[in-house]
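Here's the structure, in structure tokens; my notes come after.
Coordinate-derived values only; no laboratory data. Everything quoted here is computed from the prediction, not taken from an experiment. Backbone-built Cβ (ideal geometry, glycine too); neighbour counts: all protein chains shown.
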There are 2 protein chains.
Amino acid sequence: MKKHKEILSRFGINKTQFRIDLLSIFFDCKSSLTTHEIFERFNKKINKVTIYRALKSFEQKGLIHQVPDKNNLKKYSLCNLDSCSPDSHNHQHGHFICYSCDQTFCLDDSTIKIIKTSSGHIVKNYNLILEGYCTDCNSSQTIFQN
Amino acid sequence: MKKHKEILSRFGINKTQFRIDLLSIFFDCKSSLTTHEIFERFNKKINKVTIYRALKSFEQKGLIHQVPDKNNLKKYSLCNLDSCSPDSHNHQHGHFICYSCDQTFCLDDSTIKIIKTSSGHIVKNYNLILEGYCTDCNSSQTIFQN
DNA sequence: TAAGAAAACGCAAAAGTGTTGCGTTTATTA
DNA sequence: TAATAAACGCAACACTTTTGCGTTTTCTTA
Ligand SMILES: [Mn+2]
Ligand SMILES: [Mn+2]
Ligand SMILES: [Zn+2]
Ligand SMILES: [Zn+2]
């Protein structure tokens, strides 16, 4: 799509077919993506090293950010492209991790409100991790409801 | 120490020398520990597999809990031994991760206050991650202060 | 639009973390 | 003290991620 090419240019990334497709996958994705999930979406036609390098580049340029994952995998979500750049990622939002499907969802500011009082440390960024059962898993597995 | 042996018994873990030492390391540690850091503290005299299995056991029995880590490593901190057990871990506290030294600190309840409004998900647990510069790193690297 | 430079790519190898199987040792229980 | 269970060391393995290098593609600019 035209928009995706324009974004890659703006963030200083060469417009290869793979990177255009990768960006559009992130735009379509409601939650977050692991390397393996991306590999699957390309029907294993792309080299995994290429995926790793693209993700690292996207992250450095401010397109995507890592999200917490219970299985210690690298997992990424699209940034707010207005507030992130090669210079700095600016994230003040929470993440929801589903016990059942392991997906990580970004939560927007309206979903959570945080009030923090002081400690001895200098806080530059924060991330609230909520754990539980996502809407999809909850509706299909009422056993977990209480 | 006597206290550590008593705790291991109470949580159903055999009192081997290594596990006694491991527990006391966790008691001494102000922040959190990776497998590698534990390996170093034993001067590489202990097999890494033994460390992995001890950590898994400690976690299952309710002695330690995993904490978030920027490098996707397994990292653990001591639990509040009054509120955690083999049956369930009960954590509602935040963690502070230092950009400079990578250490993860547990924050007690008085440090943070969280108010969360609803989303479509069912929340079972939460963990607030604060990022920035810890007191030690901050005092030695004033360049980061602003 | 045709070089030349820079970025991205594929393949192979390696590094790093964590797991599993199995025989042996150590601790607990009775 | 003998039987049982837990913990241990070693070797092998699985898996994710990184690095090196030569090739291909994209970008720049003249
Ligand atoms: Mn970002
Ligand atoms: Mn706990
Ligand atoms: Zn789910
Ligand atoms: Zn620090």
7 Å along Cα→Cβ for the label point: how many nanometres lie between B:ASN71 and each equivalent label in the other copies, listed shortest first? 2.3
Using alpha carbons only, what's the Rg to Rh ratio of chain B with Rh from Kirkwood? 1.00
Shortest-first distances to equivalent copies, position B:ASP102, nm, label 7 Å out along Cβ: 2.4
Determine which aspartates and glutamates satisfy two conditions relative to A:LYS2: a Cα distance under 14 Å, and not lying fewer than 8 residues away in the same chain. A:ASP21
Rounded to the nearest 5, what % of DSSP beta bridges with both residues in the range B:2-132 are antiparallel? 70 percent
Charged-residue dipole, Cβ positions (Lys, Arg, Asp, Glu), the protein assembly as shown about Cα centre, Debye nearest 20: 880 debye
What is the mean number of Cβ atoms from other protein chains located within 10 Å of the Cβ atom of each residue in peptide B:88-100, rounded to a whole number? 2
Here are some pairs, A:LYS70/B:LYS45; A:LYS5/A:LYS56; A:LYS75/B:LYS74; A:LYS70/B:LYS44; which of them have Cα atoms lying more than 23 Å apart in this structure? A:LYS70/B:LYS45; A:LYS70/B:LYS44
Compute the relative contact order of the range A:2-132 as a whole-number percentage, counting only Cα pairs closer than 8 Å that sit 6 or more residues apart in sequence. 21 percent
Have a look at A:ILE64, A:PHE39, B:PHE58 and report the one farthest towards the positive end of the charge dipole of the protein assembly as shown, computed about the Cα centre with Cβ charges (Lys/Arg +1, Asp/Glu -1). A:PHE39
Can you give the charge dipole size of chain B about its Cα centre, rounded to the nearest 20 debye, using +1 on the beta carbon of Lys and Arg and -1 on the beta carbon of Asp and Glu? 640 debye
Assuming 0.36 nm per residue, please report the length gained on full extension of the stretch B:CYS29 to B:SER100 beyond their Cα-Cα distance. 23.7 nm
Which residues qualify? For B:GLN103, with a placed amide H closer than 5 Å and at least 5 residues away or on another chain, they are B:CYS98
Ellipticity estimate at 222 nm from DSSP helix runs (n ≥ 4, -39,500 (n - 2.57)) divided over chain A, nearest 500: -9500 deg cm²/dmol
For A:ASN14, place a label point 7 Å out from Cα along the Cα→Cβ vector, do the same in each other copy, and report the separations in nm, one decimal, smallest first. 5.8
Long-range tail of P(r) for the protein assembly as shown (Cα pairs > 27 Å, %): 49 percent
Tally the DSSP beta bridges in the protein assembly as shown and give the antiparallel ones as a percent, rounded to 5. 80 percent
Computed over the Cα atoms of the range B:1-68, the Rg and Dmax in Å are 11.2, 31
